[in-house]
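First up is the structure itself, then whatever we jot down about it.
Bear in mind that the values in this text are calculations on the coordinates, not laboratory data. Worth saying up front: this structure is predicted, and the values here are computed from it rather than measured. All Cβ positions, even for glycine, are placed from backbone atoms using ideal geometry, and neighbour counts span all protein chains on display.
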């Protein structure tokens, strides 16, 4: 076993990048429309691309807030960014949709992905047990049969 530490930087790109192949693979591991939809949303929201979109959304209403806080003058900012309709839409999307709707979808997606991961882990454990059992020289079948065949060949050569 190596004493080398596991480095996250080798895996960060896989986690934060929007990768349609990874999303397709994750979707194929679950069944049902709701589970597939939750996995797609969770996988998409968990990317840096989505974080940038959310940051841009948050920054859209920042000029109006800075004007209200007397940090900026209304003349310093394009009129578009100070329109009440835009500020209300950004507030609704950020506070209502993202927090209420998206949060629950992400939680479901994480539960679905966790269950799929648990199933993969259990399958890998069972496969490992089978391999270890086959490699055990005291267990009938597998390596024992191979060793017995080699011994039989060796005995034929001696006689």
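Before moving on, here are some points about what is shown:
- When only Cα pairs below 8 angstrom with a gap of at least 6 residues are kept, segment 9-118 shows a relative contact order of 35 percent.
- Length released on extending from residue 25 to residue 76, taking residue separation times 0.36 nm less the Cα-Cα span: 13.5 nm
- Taking a point 7 Å from the Cα of residue 144 along the Cα-to-Cβ direction, the residues of segment 120-134 with backbone N closer than 16 Å to it are 130-134.
- Fully extending the segment from residue 131 to residue 53, taken as 0.36 nm per residue of separation minus the present Cα-Cα distance, adds 23.4 nm.
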